[in-house]
Amino acid sequence: MSLKEKVAYIKGFIKGGGVSEKNFEEVIELIVDALEEIAHEIDELEKTQIDLEEYVESIDEDLASLEKEVFGEGEEAEVEEEFEEVECPSCGEMFFVPAQDYYSGEEIRCPVCGKVVISEEGEEEGGEQTSRDKGRN
């Protein structure tokens, strides 16, 4: 019988016939049995809790070790990539391009309409020199 079932049985036993001198000992025995099971369940939960805490601690140590390998000692991993804002002359959509791609000299297309915004020759659509090349000539 589960703990809930035992408690329900005790509750029903008491409500059904009430506690009298005849059944007083039996009621006490049922309550003590339920309390023993509660104590046992709590012990099991405590053991499980300790195991889980150790497991989480182990995972935390593994994660810290991996962070040190990937990011180095004491460095926080905040890699900020720089972006350039570009406006598509065809559809007018504003979008951001990683600065590395923007200055690479490669063709850049609008993510909305798919038209070439900046050609490989460094010209914006319409033949104008791009801002990426204005300072370089």
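Each value in this text was obtained by applying a stated rule to the coordinates, not by laboratory testing. In this text the structure is predicted, and so the values were computed from the model without any measurement. Positions of Cβ are generated from backbone atoms using ideal geometry, with glycine treated the same way; all protein chains shown enter the neighbour counts.
Among the residues of this structure, E73 does not count as one that is farther than 27 Å from L3 by Cβ, in contact with a strand residue (DSSP E or B) (Cβ under 9 Å, 6 or more places away or on another chain), surrounded by fewer than 10 Cβ atoms within 10 Å (Cβ to Cβ) and not β-branched (V, I, T). Considering the stretch 18-65, the residues that are among the small types (G, A, S) and in a helix (DSSP H, G or I) include one that is surrounded by the most Cβ atoms within 10 Å (Cβ to Cβ), namely A34.
Is it the case, given these coordinates, that E84 is outside any helix (DSSP H, G or I) and touching a residue at least 40 places away in the same chain (Cβ under 8 Å)? When the stated conditions are applied, E84 passes them.
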